[in-house]
1. Could you run through region 76-85 and say how many residues are under 10 Å from the mean Cα position of the chain (by Cα) and surrounded by fewer than 17 Cβ atoms within 10 Å (Cβ to Cβ)?
2. If a residue must be surrounded by 13 or more Cβ atoms within 10 Å (Cβ to Cβ) and in a helix (DSSP H, G or I), how many such residues does region 48-75 contain?
3. Within region 22-43, can one find any residue that is modelled with pLDDT of 90 or more and polar (S, T, N, Q)?
4. Considering region 38-57 alone, what residues qualify as being under 16 Å from L92 (Cα atoms) and in contact with a Phe, Trp or Tyr (Cβ under 8 Å, 6 or more places away or on another chain)?
5. Which condition breaks for L88 when tested against (1) of a type outside the set (S, T, N, Q); (2) at pLDDT below 90; (3) under 15 Å from the mean Cα position of the chain (by Cα)?
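The values are calculated or read from the model by the stated rules, or taken from the named source; none is laboratory data. Owing to the predicted nature of the structure, the values given are computational and were not obtained by experimental measurement. Reconstructed Cβ throughout: ideal geometry from the backbone, glycine too, with neighbour counts over all protein chains shown.
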Amino acid sequence: MTERKSLYLSPGEPGKRGFEDLECYKLALEVMAEIHAFSKTLPADEKIDMYSQIRRSAKGITGNIGEGYGRYHYLDSLRFYSIARGELNETLTHFSTVHANPKGLLYLRKFPINEKDL
């Protein structure tokens, strides 16, 4: 397995920065970037409510990973990691809702859901 490059450069020495070094955080950043690109392709009628909702849930993934990492007690950390997983599922639900729409079949070709990456 190859090491993932971060989408941004964080200050500090790699491997000693904190949550930015977590593999799940790097993956969450990729999901957020893909969702932001995907949301720009939504038709006007979907942009009214789906646009902001899917973007907020994608941002919630990284936010909760970072917040969980900063907690001192492991049970507190686990709670935020669990919330991040819920945000990921919410994002995937919004994504699949758009794909269930007949217009969404056009998006499916551009942004395929790869089950092994989940």
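1. The first filter runs over region 76-85 and keeps only residues under 10 Å from the mean Cα position of the chain (by Cα), leaving 84-85.
Going one step further and asking which of them are surrounded by fewer than 17 Cβ atoms within 10 Å (Cβ to Cβ), we end up with 85.
Residues meeting the conditions: 1.
2. Of the residues in region 48-75, the ones surrounded by 13 or more Cβ atoms within 10 Å (Cβ to Cβ) are 50-51, 53-69, 71.
Next, only the ones that are in a helix (DSSP H, G or I) stay: 50-51, 53-69.
Within region 48-75, residues that are surrounded by 13 or more Cβ atoms within 10 Å (Cβ to Cβ) and in a helix (DSSP H, G or I) number 19.
3. Looking through region 22-43, none of the residues is modelled with pLDDT of 90 or more and polar (S, T, N, Q).
4. Listed by number, the residues that qualify are F38, S39, L42, I54.
5. (2)
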